[in-house]
Amino acid sequence: MAAHQEKKLAQEKKHKIIQNDTKASQGQWGRAWEVDWFSLASILFLLMFAPLIVYYFIMSCDQYQCSLTDPLLDLLMGNKHLSDIWNKTPTLTYRAAGIYSLWVAFQVVLYVFIPDFCHKFLPGYVGGVQEGAVTPAGVVNKYEINGLQAWIITHVLWFANASFLHFFSPTVIFDNWIPLLWCANILGYAVSTFAMIKGYFFPTNAKDCKFTGNFFYDYMMGIEFNPRIGKWFDFKLFFNGRPGIVAWTLINLSFAAKQQELYGEVTNSMILVNVLQGIYVLDFFWNEAWYLKTIDICHDHFGWYLGWGDCVWLPYLYTLQGLYLVYHPVQLCTARAIGILMLGLLGYYIFRMTNHQKDLFRRTNGNCRIWGKKPEYIECSYMSVDGTKYYSKLMTSGFWGWARHFNYTGDLMGSLAYCLACGFEHILPYFYIVYMTILLTHRCIRDEHRCWSKYGKDWKRYTAAVPYRLLPGIF
C-alpha cells in the first residue's frame with residue numbers, strides 16, 4: 001500500500017513538473033498569460049490617455065507656440081476652458097481623409113504587389129523573400145522584404161512632384177497635420193480592433209495565440225503573434241515599417257518646406273534633424289531583414305500597442321523636433337552644429353556596429369572575428385511550445401561585452417542629438433529623449449525577463465559575464 005502511494009505521488013510530481021515546464025516554455029515567448037493589477041492599471045491608463053497625450057503635444061504647437069505649460073496655466077487660471085481649446089482645433093476634413101487613404105493604399109500596393117528588386121543591384125543589401133525567427137508554435141514565417149524599395153519609390157515621387165509635377169504643395173503634410181491625426185487614430189483603432197476579432201475567430205495560427213481572459217490586456221497587447229491576410233500581408237511587418245516610418249522622412253521634408261515658406265530659408269538645425277533622422281530611417285529599411293530578429297517581431301503580439309502606436313504615436317511624436325523648428329526656427333553656430341552632428345553620427349555608429357556584430361555572430365554561428373579576435377560566447381538552450389529543443393549562443397565579445405544592450409546606448413545618443421538641435425527655449429522637443437530613455441530601459445528589463453525565462457541558468461551565466469545593461473560601470 002505504501003509502495004503504491006509512493007508511486008502515485010511520484011507520478012503526480014512528475015506530471016506537475018511537466019506542466020510547469022510547459023508553462024515556462026510558453027511563458028518565455030511573447031506577452032504574459034496572466035495579468036497582474038499593475039499591468040492592468042498601466043494598460044487602462046494608456047488606452048485612456050495616450051491619444052490625449054499625442055493631441056496635447058500637437059495642440060500646444062498649433063495654439064501655444066509649442067509651450068507645454070501655457071495650456072495648463074490657461075485652464076488652471078480660468079483664462080480658457082477645455083471647450084475653447086477644442087473649438088480652435090482643426091476637425092477631420094475630406095481632404096485629409098483622402099490624402100491619408102491614398103497614402104495607406106499606396107503603401108499597401110508597394111508592400112504586397114511589387115516584389116523587391118533592390119537586392120539585385122545593391123551590394124550588401126538583403127531583400128526579397130526572407131525567413132523570420134521561429135515562433136512559439138515552431139513556425140518559421142516568410143516575408144517579402146521590400147521596405148527600402150518602397151521608401152525609394154515614395155521619395156522619388158515626392159521630389160518629382162516638388163520639382164516638376166506640382167500636383168500638391170510640399171507643405172501639404174504640415175498644412176493638414178491635425179486633420180491627419182484624426183485619420184491616423186481611426187486607422188490605429190480600426191486595425192487593432194480587427195486584429196483582436198481575427199485572433200478570436202480566424203487566426204492565422206491558433207497555436208501562436210494567447211488569451212488572458214482580460215479584454216483590455218488582450219486588446220492592447222494583442223492575441224495573435226503573426227496575424228496575416230493572404231500569403232504576404234503581415235500586420236506586424238507592415239505597420240511597424242509602413243506607413244509610419246516611410247512617412248517619417250516625408251513629414252520632416254514637409255516641415256522643412258514650411259520653414260522655407262514662412263521664413264525664406266531652411267535653418268541648419270532643421271537640416272540636421274532631417275539628415276540624422278533620415279539616416280536612422282534608411283538604416284531601418286536597409287536592415288529590414290535583420291529587423292525580423294528583433295523583439296517587435298520575435299516576441300510581441302499584434303494589438304493596440306503596435307497597431308495604434310505605429311499609426312499615431314510614432315509618426316506624431318517621433319517628429320516633434322521638425323514640428324518645433326517650424327514654430328521656433330533655430331540657426332546654430334558652426335561649432336555647435338558640428339558637435340551635434342558628431343554626437344548623432346557617433347550614436348549611429350555605435351548603434352549600427354553593435355547590431356552588425358550580433359548579426360555577424362548569428363549568421364556565422366560564431367565563426368567570425370570581432371575586433372580582430374574570435375568571439376567569446378555562452379552556449380545555451382531553450383524549448384518551444386511544441387517541446388522542440390533549440391540551441392543558441394550569447395556573445396560576450398565586442399560591444400556586447402561592454403553592455404548587454406549597447407545598441408540602445410547608441411540609439412539614445414542619436415536621440416539626444418535630435419533634441420539638442422532645437423536649442424533650450426522649450427522642453428517639448430526633449431520629450432523624445434525622455435521617452436526613448438524610458439522605453440529602452442523598460443525594453444531592457446522586459447527583454448531580460450524573457451531571456452531569463454527562456455534560457456534559465458544559462459542566462460545567469462551570461463549576466464555574470466556581462467554585468468551591465470546600458471552604461472558600462474554604471475547601469
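The values are calculated or read from the model by the stated rules, or taken from the named source; none is laboratory data. The model shown is predicted, which means the values in this text are computed figures rather than measured ones. All Cβ positions, even for glycine, are placed from backbone atoms using ideal geometry, and neighbour counts span all protein chains on display. For the accessible areas, the whole protein counts, side chains as well, though only heavy atoms, and no ligand, DNA or RNA atoms are used. Shrake-Rupley method; radii C 1.70, N 1.55, O 1.52, S 1.80 Å.
Quick look at the values:
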read-out	value
Per-residue SASA entry for VAL109, accessible area with 1.4 Å probe, Å² rounded to 10	60 Å²
Region 235-306 and region 75-90: distance between their alpha carbon centers, rounded to Å	32 Å
For region 233-248, Karplus couplings with θ = phi - 60° (6.51, -1.76, 1.60), whole Hz, Gly/Pro x	7, 9, 4, 5, 5, 5, 6, 5, x, 10, x, x, 6, 4, 6, 3
Per DSSP, loop chymotrypsin sites (Phe, Trp or Tyr not before Pro) in region 175-229 with at most 11 further Cβ within 10 Å	PHE211
Where labels lie 7 Å past Cα in the beta-carbon direction, separation of PHE194 and PHE475 in nm	3.9 nm
Cα-centred dipole magnitude for the chain, charges only on beta-carbon of K, R (+1) and D, E (-1), debye, nearest 20	1820 debye
Candidate residues LYS210, LYS88: accessible-area rank, largest first, probe 1.4 Å	LYS88, LYS210
Label point distance in nm, VAL140-THR334, each placed 7 Å from Cα along Cα→Cβ	5.5 nm
Residue-level accessible surface for PHE361, protein heavy atoms, 1.4 Å, Å²	10 Å²
For region 332-474, size of Cβ-based charge dipole, Lys and Arg +1, Asp and Glu -1, in debye	520 debye
Proximal aspartates and glutamates to LYS80, defined as alpha-carbon separation beneath 17 angstrom and excluding residues fewer than eight positions away on the same chain	ASP62, ASP70
Cβ-based net charge around SER381, under 11 Å, with every Lys or Arg adding one and every Asp or Glu removing one	+2
Inter-probe distance in nm under a simple model that places probes 7 Å from Cα toward Cβ, at ASN214 and TYR56	2.4 nm
Shape call, the chain: gyration tensor on alpha carbons, a/c limit 1.5	prolate
By accessible area with a 1.4 Å probe, ligands and nucleic acids excluded, highest first: order of ASP84, ASP283	ASP84, ASP283
Length-normalised contact order of the chain in % [C-alpha pairs under 8 Å, at least 6 apart]	18 percent
Taking region 90-331 and dividing mean pair separation by its residue count, relative contact order in percent (alpha carbons under 8 Å, at least six apart)	26 percent
Surface per residue (accessible, 1.4 Å probe) for region 332-474, Å²	51 Å²
Positive-pole candidate from GLY398, TYR377, GLN357, dipole of region 332-474, charges at beta carbon	TYR377
PHE106, PHE235, ranked by accessible area, largest first (probe 1.4 Å)	PHE106, PHE235
Two-site FRET efficiency, ARG461 against VAL108, from Cβ-Cβ distance with R₀ of 45 Å, rounded to 0.05	0.50
Pairwise FRET efficiency - THR441 versus ALA206, Cβ, R0 = 25 Å, nearest 0.05	0.10
Long pairs among LYS210/LYS454; LYS120/LYS210; LYS231/LYS457, criterion Cα-Cα beyond 29 Å	LYS120/LYS210; LYS231/LYS457
